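Below you'll find the structure, written out as structure tokens, and then a few comments.
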Amino acid sequence: MMWSEIKTPAYDLFSTEALDNPYPLYEKMRSEDPVHYSETLGYWFLTRYDDVEAALRDERLSANRSSLFIQQLGDLDVSLIQNFLRLTGNMMIEQDPPDHTRFRKLANQGFTTKALESWRSIIQNTTDALLDQVMAKGEMDIVADLSVPLPALIIAEIFGVPADNRDDLIQWALDIGTFWGAPGGQDIETLARNADAGAAQFTTLIRQLIEERRHHPGTDMISLLTVAYEEQGFDLDQLPSLCILILNAGHLTTTDLIPNGVYALLNHPEQLQQLKQTPDLMRSAVEEMIRFDTPAPFVFRIAKQDVVYGGKTIPAGSVIALGLGAANHDPEKFSRPGQFDVARSPNEHLGFGPGVHFCLGAVLARMELTICFSTLLNRMPDLRFDPARRAIPKHTSLVFKGFETLPVVL
């Protein structure tokens, strides 16, 4: 066969089938071309556990993705996203060591053990209040009634955001997160304009709150971080970038984890029954939810120099998509990876990412999910799919995987 006749396998990650259930496609990529270059998207894809884990720790790969955001614009002018780039460019998740190390140490001031314990009652009370609103109806949409408002209300409470600003805050975060999440097959100009407007308005509000907390500090996270920034001599103008990171990490992924977890449980009634009979399995069940249907199936890195993975040289400047979702289903790492097992142990999933960029809000997310699912199953033991309404998966981006709606009856 002539070289010109050899075709690079095409994997359509944005097809309806792949967005609904990407795992068969991940398996195909992992077995046929585990270090794959997509000419259509212009990215390299890694889908094996060992490769993805190594790449997450590889200092030759940069977390600064500003070039990717500009690439997403196509022929549009970069000035369209100047506020977005300013806000996200200072995000810790977009920084490399040593800057990342300094920001990480500072950010940890907002996640002290004392602060985390004080949030436990906020999470429980918010979960109960949301379930109170639907109990009498006998039905609910897991997304609209629980998974969207719950993390949003919790983060807004933790930040100390006034009630009048909370809906706007969450919409801005959603607009910023959608463009940040490598969207495909949509109106990029509209998404870019929404993200830039959201970034500008989000920054303005957070700066107002910072100024208020400087003069009247409280126990909320913005107060704690404002004090830490000033004590360490950091520029307070960079604090909004940390706030959007915490908001999106604590809101967008948890918003998807809850319906993904409910969907997995209801599709595996024997596992649901086991969890009800043995509530002590809740912690391992939460870890399995994260592994089984990862809410952030890809993270991106930029090669700072030529790197070799799987015998292939990835040139400097390349965008590399690290397949967390694919890695979490790699049979070389997990026995029976397609089986949902609430008692799975060990479970070294990559849902929170290892290395220096390990998810800042992992402790908060685990606490939130454990309380949410424990309360949900305790208060709604007969929870099941609504036979009259179907679940609709999200079809937005490679970075976020969840549901638009997930109707259930109680």
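The values are calculated or read from the model by the stated rules, or taken from the named source; none is laboratory data. Only a predicted model underlies this, so the values are computations on that prediction, with no experimental measurement involved. Glycine also receives a Cβ, built like all others from the backbone with ideal geometry; neighbour counts cover every protein chain displayed.
Just wondering, is there one or more residues in the stretch 212-225 that are farther than 19 Å from Leu364 by Cβ and of a type in the set (A, V, I, L, M)?
no
Could we say that Arg104 is modelled with pLDDT under 80, closer than 30 Å to Leu224 by Cβ and either in a helix (DSSP H, G or I) or basic (Lys, Arg) (or both) here?
yes
For the stretch 128-142, state whether one or more residues are within 30 Å of Lys114 (Cβ to Cβ), within 20 Å of the chain's Cα centre (by Cα) and aliphatic (A, V, I, L, M).
The answer is no; no qualifying residue exists.
Which residues, taken from the stretch 318-342, are polar (S, T, N, Q) and surrounded by fewer than 17 Cβ atoms within 10 Å (Cβ to Cβ)?
Within the stretch 318-342, Ser335, Gln339 meet the criteria.
Is there a residue in the stretch 206-214 that is under 22 Å from the mean Cα position of the chain (by Cα), part of a helix (DSSP H, G or I) and on the phi < 0 side of the Ramachandran plot?
Scanning the stretch 206-214, I find at least one residue that is under 22 Å from the mean Cα position of the chain (by Cα), part of a helix (DSSP H, G or I) and on the phi < 0 side of the Ramachandran plot, so the answer is yes.
Residues that are in contact with a Phe, Trp or Tyr (Cβ under 9 Å, 6 or more places away or on another chain), closer than 21 Å to Thr370 by Cβ and modelled with pLDDT under 95, at least 1 per element: which helices (runs of 4 or more DSSP H) completely within the stretch 215-278 meet that?
Passing ranges, in order: 221-232, 239-267.
In the stretch 110-121, what count of residues is obtained for those that are crowded, with 17+ Cβ neighbours inside 10 Å and either at pLDDT 70 or above or in a helix (DSSP H, G or I) (or both)?
Within the stretch 110-121, residues that are crowded, with 17+ Cβ neighbours inside 10 Å and either at pLDDT 70 or above or in a helix (DSSP H, G or I) (or both) number 2.
Being out of contact with any Cys (no Cβ under 8 Å at 6 or more places or on another chain), at pLDDT 90 or above and either crowded, with 17+ Cβ neighbours inside 10 Å or charged (D, E, K, R) (or both) narrows it down to one of Pro34, Pro24, so name that one.
Only one candidate qualifies: Pro34.
Read through the list (1) of a type in the set (S, T, N, Q); (2) buried (at least 16 other Cβ atoms within 10 Å of the Cβ); (3) part of a loop (DSSP other than H, G, I, E, B), then give the number of the only condition that Ser345 fails.
(2)
Does Thr203 fit the bill of being out of contact with any Cys (no Cβ under 8 Å at 6 or more places or on another chain), in a helix (DSSP H, G or I) and of a type in the set (Ser, Thr, Tyr)?
yes
As an exercise: evaluate Ala192 against (1) buried (at least 20 other Cβ atoms within 10 Å of the Cβ); (2) free of Cβ contacts under 8 Å to residues at least 40 places away in the same chain and give the number of the one condition it does not meet.
Going through the list (1) buried (at least 20 other Cβ atoms within 10 Å of the Cβ); (2) free of Cβ contacts under 8 Å to residues at least 40 places away in the same chain, Ala192 breaks only (2).
Write out, first by first residue and then by second, each pair whose Cβ atoms fall under 9 Å of each other, whose residues are 6+ apart or on separate chains, and whose first residue, in the stretch 271-294, is more than 14 Å from His329 (Cα to Cα) and touching a residue at least 24 places away in the same chain (Cβ under 8 Å) while the second is in a helix (DSSP H, G or I) and acidic (Asp, Glu).
The qualifying pairs are Gln271/Glu288.
For the stretch 361-374, indicate whether the set of residues that are touching a residue at least 12 places away in the same chain (Cβ under 8 Å), in a helix (DSSP H, G or I) and more than 18 Å from Val262 (Cα to Cα) is non-empty.
So far as the stretch 361-374 goes, yes, one or more of its residues are touching a residue at least 12 places away in the same chain (Cβ under 8 Å), in a helix (DSSP H, G or I) and more than 18 Å from Val262 (Cα to Cα).
Does at least one position in the stretch 363-378 carry a residue that is modelled with pLDDT under 95, surrounded by fewer than 16 Cβ atoms within 10 Å (Cβ to Cβ) and touching a strand residue (DSSP E or B) at 6+ places or on another chain (Cβ under 7 Å)?
Checked the stretch 363-378: no residue is modelled with pLDDT under 95, surrounded by fewer than 16 Cβ atoms within 10 Å (Cβ to Cβ) and touching a strand residue (DSSP E or B) at 6+ places or on another chain (Cβ under 7 Å).
For the condition at pLDDT below 95 and either out of contact with any strand residue (DSSP E or B) (no Cβ under 9 Å at 6 or more places or on another chain) or buried (at least 20 other Cβ atoms within 10 Å of the Cβ) (or both), what is the one hit in Leu46, Leu56?
Going through Leu46, Leu56 in turn, just one is at pLDDT below 95 and either out of contact with any strand residue (DSSP E or B) (no Cβ under 9 Å at 6 or more places or on another chain) or buried (at least 20 other Cβ atoms within 10 Å of the Cβ) (or both): Leu56.
Say whether the condition of being in contact (Cβ under 8 Å) with a residue 40 or more places away in the chain, over 17 Å from Thr253 (Cβ atoms) and among the hydroxyl-bearing types (Ser, Thr, Tyr) is met by at least one residue in the stretch 311-333.
So far as the stretch 311-333 goes, yes, one or more of its residues are in contact (Cβ under 8 Å) with a residue 40 or more places away in the chain, over 17 Å from Thr253 (Cβ atoms) and among the hydroxyl-bearing types (Ser, Thr, Tyr).
Of all residues in the stretch 232-259 being surrounded by fewer than 20 Cβ atoms within 10 Å (Cβ to Cβ) and in contact with a helix residue (DSSP H, G or I) (Cβ under 9 Å, 6 or more places away or on another chain), which is farthest from Arg86 (Cα to Cα)?
For the stretch 232-259, the residue satisfying everything is Gln232.
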